[in-house]
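Working notes, beginning with the structure itself.
The values are calculated or read from the model by the stated rules, or taken from the named source; none is laboratory data. Keep in mind the model is a prediction, meaning the values are calculated, not measured. Positions of Cβ are generated from backbone atoms using ideal geometry, with glycine treated the same way; all protein chains shown enter the neighbour counts.
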Amino acid sequence: MKALDLLDLGLLGLRTRPMRAALSALGISIGIATMIVVVGIPASSQQQLMNELQALGTNLLRAEVAPGTSGELPPVPENSPEMAKRIGPVRLASAIANAQSTVTRTDRVTDSSGLSVLVAKPDLLEVLNGKVHSGTFLNDANSSFPTVVLGDKAATRLGITEPGPQVWIGKTWFTVVGILDRLPLAPDVERSVLVGWGAAKTHLNFSGHPTVVYVKAEEQAIDDVRGVLPATVFPESPGEIRVSRPSDALAAKRLTENTFSALFLGLAGVALLVGGVGVANTMVISVLERKREIGLRRALGATRGEIRGQFVTESVALCLLGGLSGAALGVLGTAGYAAWRGWPTVIPMTAVFTGIGAALLVGVLAGAYPAVRASRLAPTEALAAP
């Protein structure tokens, strides 16, 4: 018998018993959909958790200049952030410096407000996952002019709620152009007044040497970056650079990833087991119900191999139909639940393809025993079955 004839014969049972085939495929599709859902929903939940942990600075390092033996800060190169970006796993880098100036609301008083004046790069906010509450941040257009951005706590202490007012720094009036939201990753910036690099050089006699370099790197390489960062940003004296250790949130994130991976494997295995048992049960019942058909085909000359091929083909086709529909149901179910909870939708494609592939494998394995059993039936025994 040709392969196409065998395929047509294997699909005959599905065509002649559409309701039974649909119900059997439904059972399989539910099993595959369950596998995708029980993997997809935790994956979406995990991604939401990972995003929240990442917001805590799991991939952020702070390289800080320590005072030298003379008590003075060493002259770190102005382009140290660009030097840090040359490290392969580093994605973003920025810098701040202490302007050694005081800020007040008026030039009529000499008492300091207790706030720091920091010189900042325009890309600082991106590195610190910060947001502007109102107004705008420092950029290439305003960094050379006497403008400032206030940290959240600095704005409260100065009594400024909206951009527009001026503050007195050194001997120059600076206009407030923005106020930041809270910055959990940099509490010192929250309590500071930020001045552009060019304006600080012009109006505050700023030397241009950074005192803190912030670096964002790939999480899996964070320890390696930490090891080479001091020598990169200050090759002359790396011992005078102190680098913060990775955030404790990174350890929590890695532990969570390992725990979820074990959970995914367990849930997927259980779902596949349930689906396989359902297919095997369906095919065994099919053999018992169709003994007369098997006997008649054997009496007409069908070989045992052709009987086995018929039932294996039918089992595989049934599982493929159920696998495809189950994959679609699983994707829709995962996306719907993630959208309802406000999570990012994560559909592990490995789970989808594994589910379909597992359905085919289960079809072969689950159809093998019933197929062998059907092929061993003697024609007289099968025709005499009630």
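Those helices (runs of 4 or more DSSP H) of the stretch 1-120 in which at least 3 residues are modelled with pLDDT of 80 or more and in the same structural domain as ALA186 (by TED's automatic domain parsing), considering only elements entirely within it, cover 80-85.
Take LEU250 and tell me if it is part of a loop (DSSP other than H, G, I, E, B), modelled with pLDDT under 90 and crowded, with 19+ Cβ neighbours inside 10 Å.
no
So for the stretch 330-339 (the condition being over 14 Å from ILE41 (Cα atoms), modelled with pLDDT of 75 or more and out of contact with any Leu (no Cβ under 9 Å at 6 or more places or on another chain)), does at least one residue qualify? Within the stretch 330-339 (the criterion being over 14 Å from ILE41 (Cα atoms), modelled with pLDDT of 75 or more and out of contact with any Leu (no Cβ under 9 Å at 6 or more places or on another chain)), the answer is no, since none of the residues qualifies.
Tally up the residues in the stretch 158-188 that are of a type in the set (D, E, K, R) and at pLDDT 90 or above, please.
The total comes to 2.
Scanning the stretch 222-240 turns up no residue that is of a type in the set (A, V, I, L, M) and under 11 Å from VAL119 (Cβ atoms).
Check whether at least one residue in the stretch 137-147 is hydrophobic (A, V, I, L, M, F, W, C), buried (at least 17 other Cβ atoms within 10 Å of the Cβ) and assigned to a loop (DSSP other than H, G, I, E, B), and report yes or no. There is at least one residue in the stretch 137-147 that is hydrophobic (A, V, I, L, M, F, W, C), buried (at least 17 other Cβ atoms within 10 Å of the Cβ) and assigned to a loop (DSSP other than H, G, I, E, B). Kindly indicate whether any position in the stretch 293-300 is assigned to a helix (DSSP H, G or I), within 14 Å of GLY31 (Cβ to Cβ) and at pLDDT 70 or above. So far as the stretch 293-300 goes, no, none of its residues is assigned to a helix (DSSP H, G or I), within 14 Å of GLY31 (Cβ to Cβ) and at pLDDT 70 or above.
For the stretch 202-216, enumerate the residues that are at pLDDT 90 or above and in a strand (DSSP E or B). Those that are at pLDDT 90 or above and in a strand (DSSP E or B): VAL212, VAL213, TYR214, VAL215. Filtering ALA199, ALA155 for residues that are assigned to a helix (DSSP H, G or I), without any contact (Cβ under 8 Å) to a residue 60 or more places away in the chain and touching a Pro at 6+ places or on another chain (Cβ under 7 Å) leaves a single hit, ALA199.
Within the stretch 121-136, the residues that satisfy the criterion of being outside any loop (DSSP other than H, G, I, E, B) and out of contact with any Pro (no Cβ under 7 Å at 6 or more places or on another chain) are LEU124, LEU125, GLU126, VAL127, VAL132, HIS133. Among the residues examined, GLY342 qualifies as at pLDDT 75 or above and either on the phi > 0 side of the Ramachandran plot or not assigned by TED's automatic domain parsing to the domain that holds ALA21 (or both).
Within the option set GLY333, GLY323, being assigned by TED's automatic domain parsing to the domain that holds ILE356, under 13 Å from SER29 (Cα atoms) and buried (at least 24 other Cβ atoms within 10 Å of the Cβ) holds for one residue only, GLY323.
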